[in-house]
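Step one of this worksheet: look at the structure below.
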Amino acid sequence: MTKRQNKNQLKLTGIAVSSGIAIGKVRVIERTKARITYQYLINNDQIKQNVQRFKDALNTTENQLITLKNHMPDIIKEHGFIIDSHLMILKDSMLTESTINRILDEKIGAEWALKQSLEEIRQIFNQIEDEYISSRINDVENVTERILWNLSGETQESLTNIKDPVIIAAHDLSPADTTEINISKAIAFITDMGGRTSHSAIMAQSLQIPVVVGLESATKQLKDGDLLIVNGNTGEIIVNPDNNTFIYYQEKKKEQEEYKSTITKSSHLPAITLDGHKITVRANIEFKEEVVAIRNFTPEGIGLYRTEYLYLWNNKLPSEEELFEDYRKVTETISPAIINIRTLDLGADKISSNLRMPKEKNPALGLRAIRLCLKEQQIFKNQLRAIIRASNYGRLQIIFPMISGIQEILDIKDIITQITEELTSKKITFDSNIKYGIMIEVPSAVIMAEDLAKHVDFFSIGTNDLIQYALAIDRENKNVAYMYQPFHPAILRMIHHVVKVAKDARIGVSLCGEMCGDPLCIPILLGLGLKEFSMHAMAIPLIKKIIRSTSLKEATTDFDNILKLDTAKEIRLYILNRMKHLLPELQEKGYLDH
Amino acid sequence: MQINLTVTNKLGLHARAAGKIVELGKQYQSKLTLKKNNIEVDGSSILSILTLSCPKGTKIQATITGEDSPEMIEKLKDLFSNKFGEPS
């Protein structure tokens, strides 16, 4: 207690990725840059000592890498070769001999010498034109970091060894790190890097512990053992909280946990509004393994199956058979409910090393999703064939991402025709009435909605990208992240327009962004006419509860009022006040804190 | 001993393939150097091999010196012709 009072309470804000509150001691995982001391060596003893220190650090690093390799969880076994190449880099003369020579010749400390060797290698790699090979400098950096940490005498541990209930803080976490956390005893994790929809963030949600990302430099401000509060609902981190704050959050945590278990118990109840309108709530998933885990949250099918996982995880492109097996299993498991499979949405923040994609200055506006698929048609056809074949095993629908106009749909239809004709001629059975939908996430698709509706069976509004493209903000850029506003009048009007168009054209329309997992957004989305949602499974119990507490008639009136408001701030305030009235318990339990 | 080799695997001499060359070299006493466009690098250094930057189709010259070089050359040839065990 006294310790806590001695330190100043510090608040940091990042992006909330996985809900819940965690309170505990932090373990800072040194994936961040090691500190380097720049030291001139003044005598031979010091020189000898630094060479020895460097050699010792190399040995320690080697042992660590070997241990890591031997303890790799099965799910990431295929990544073993990364460790092998790290071991080779560790023994590479360009790194090791040159460092030792620098210590001897330039009479500088081991850390400084190693850093110079790295810089020299970096310069050579910078000149390599092949983007894939030049990006291997990352591996050299990784190895160098490990050596630097060992030089500092501190040990960098594997996340799986964390047996205490701590909060893990790291500069960045790879999907492999995230998997390691899965088998550790961590109660929450926070990172400097990453956005709401970055790959490790999405993976993290399946861990069902509070996660906040995009904290920029948080790990630099934290020391091992600092007491931390992680608010996975708001994205707030409180370091060394004062007693009042500590007690407040302890209560909220307890209340939220109790509330969560209560609403989860009622999650099987259908989402019917107070005035009797049935709303469909489905789950977004990322891997086939999730299909079982999400059952507790009783979604009415899968509104969005993101299919990037198989492409990102393996070190080769998945075969049609692998894909087919995966899609078939998910479709069978979820049957008779609907499953929407979205075709490959690679590019931007999700890059597969198997696709040798050129480095782009502005990847969010670059060769991603459907654009990549229409360019690399072989990859696209393999996936589409696998999905179409899997349609034989349940109620499968297909969604195409990043559609910006009619031409893309025409191109896709040509490919579909080719595939279905080919399957028919080979007497391979598939559902000949598969429904095809498109993501509405590019502003041009909103404007073209009436025309697009003539060509497809349904729309799925992807708000994560729509907000970024419509408001012209890079959501990974911290300087403008505050402008990422789901409540922006322009966004609400765009969604409203798309919903209206879909209804007039009598095609389906649903929303599958993070937005519909936000309690405050739900009354607005109901009010503008949406009846189908798909969200992260963990959010479902609360969202269903809110739907059951809302009257569609009132929500519609509210939306008319909201349309008259000018700013995101006003809209948020309006709906916040409505929510306090609708479900007072949400505020009491701290869900509406901001 | 010198031989000419062509990189035929789809990904070129990337980390994994370069790693296999280094791995092979460790099993022999002979010394291996690889040369492309007059740039010659140490075949026991994965980083050096990477810096040669060899996409699919690149022709390189391997020089092996030492007692067990004939055997090593055969193994090296196999490695290249098997596309480093990668699907093509």
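Values quoted throughout were computed directly from the atomic coordinates according to the rules given, and no laboratory measurement underlies them. All figures in this text were calculated on a predicted structure; none of them were measured in a lab. Here the Cβ is made from the backbone with ideal geometry for all residues, glycine too, and neighbour counts use every protein chain on show.
Here are the numbers for this structure:
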item: Of A:Lys288/A:Lys375; A:Lys107/B:Lys35; A:Lys69/A:Lys220, those spanning more than 30 Å from alpha-carbon to alpha-carbon; result: A:Lys107/B:Lys35
item: Relative contact order [Cα under 8 Å, 6+ residues apart], chain A, whole percent; result: 14
item: Residue among A:Leu520, A:Tyr305, A:Thr67 farthest towards the positive dipole end of the protein assembly as shown, charges placed on Cβ; result: A:Leu520
item: A:Ser135 versus A:Asn70: modelled label distance in nm, points set 7 Å from Cα along the beta carbon direction; result: 3.3
item: Cβ-based net charge around A:Ser266, under 10 Å, with every Lys or Arg adding one and every Asp or Glu removing one; result: +4
item: For segment B:2-85, Kirkwood radius (reciprocal of mean inverse C-alpha pair distance, Å); result: 12.3
item: Gain upon complete extension [A:Ile415, A:Gln116; 0.36 nm per residue less C-alpha separation]; result: 102.4 nm
item: Counting DSSP beta bridges with both ends in chain A, the antiparallel % (nearest 5); result: 35
item: Acute angle (nearest 10 degrees) that the helix A:96-106 long axis makes with the longest principal axis of chain A, alpha-carbon atoms; result: 50
item: Cα-only radius of gyration and Dmax that characterise segment A:269-588, units Å; result: 19.6, 62
item: Karplus 3J(HN,Hα) series, Hz, for segment A:292-300 with 6.51 cos²θ - 1.76 cosθ + 1.60 (x for Gly, Pro); result: 6, 4, 7, 4, 4, 9, 6, x, 8
item: Cβ-Cβ FRET estimate between A:Glu320 and A:Asn433, R0 fixed at 25 Å, reported to 0.05; result: 0.65
item: Chain lengthening between A:Ile447 and A:Lys361 when straightened (0.36 nm per residue, less Cα-Cα); result: 28.3 nm
item: Centre separation in Å (Cα based) which lies between segment A:264-303 and segment A:574-594; result: 23
item: Between helix A:568-582 and chain A: long-axis angle, C-alpha atoms, 0 to 90°, nearest 10; result: 70
item: Share of Cα-Cα pairs in segment A:315-474 lying beyond 26 Å, as whole percent; result: 28
item: Sequence-distant residues sharing a close amide H with A:Ile338 (under 5 Å, placed H); result: A:Ile302
item: Shielding by other protein chains, A:136-144, mean Cβ within 10 Å; result: 2
item: Hull-based mean projected area of segment A:464-521, where the convex hull spans the alpha carbons, in square nanometres; result: 4.3
item: Ellipsoid equivalent to segment A:510-594 - semi-axes via the Cα gyration tensor, in Å; result: 18, 16, 12
item: Nitroxide proxy distance, nm - points 7 Å out along Cα→Cβ at A:Gln407 and A:Leu274; result: 5.0
item: Helix axis angle, A:406-425 relative to chain A longest principal axis, alpha carbon, degrees; result: 90
item: Protection proxy ranking, peptides A:89-101, A:386-398, A:445-457, average beta carbon neighbours within 10 Å, highest first; result: A:386-398, A:89-101, A:445-457
item: Extension gain, A:Ile247 back to A:Gln127 (0.36 nm per residue minus Cα-Cα distance, nm); result: 37.6 nm
item: Separation between Cα centres of segment B:1-76 and segment A:447-481, rounded to whole Å; result: 48
item: Counting DSSP beta bridges with both ends in segment A:269-588, the antiparallel % (nearest 5); result: 5
item: Residue-averaged 222 nm ellipticity for chain A, from DSSP H runs of 4+ at -39500 (n - 2.57), nearest 500; result: -14000 deg cm²/dmol
item: Segment A:44-151 shape via C-alpha gyration tensor axes, a/c threshold 1.5; result: oblate
item: Intensity falloff of the protein assembly as shown expressed as log10 I(q)/I(0), Debye formula with alpha-carbon point scatterers, at q = 0.12 Å⁻¹; result: -1.36
item: Of A:Lys253/A:Lys569; A:Lys185/A:Lys569; A:Lys11/A:Lys580; A:Lys426/B:Lys20, those spanning more than 31 Å from alpha-carbon to alpha-carbon; result: A:Lys185/A:Lys569; A:Lys426/B:Lys20
item: Net dipole in debye of segment B:2-85 [+1 Lys, Arg Cβ; -1 Asp, Glu Cβ; about Cα centre; nearest 20]; result: 460
item: Cut-off 18 Å, label 7 Å out along Cα→Cβ of B:Thr6, residues of segment B:33-58 by amide N; result: B:35-37, B:54-58
item: Virtual paramagnetic centre 7 Å along Cα→Cβ of B:Asp68, amide N under 11 Å, in segment B:24-45; result: B:24-31
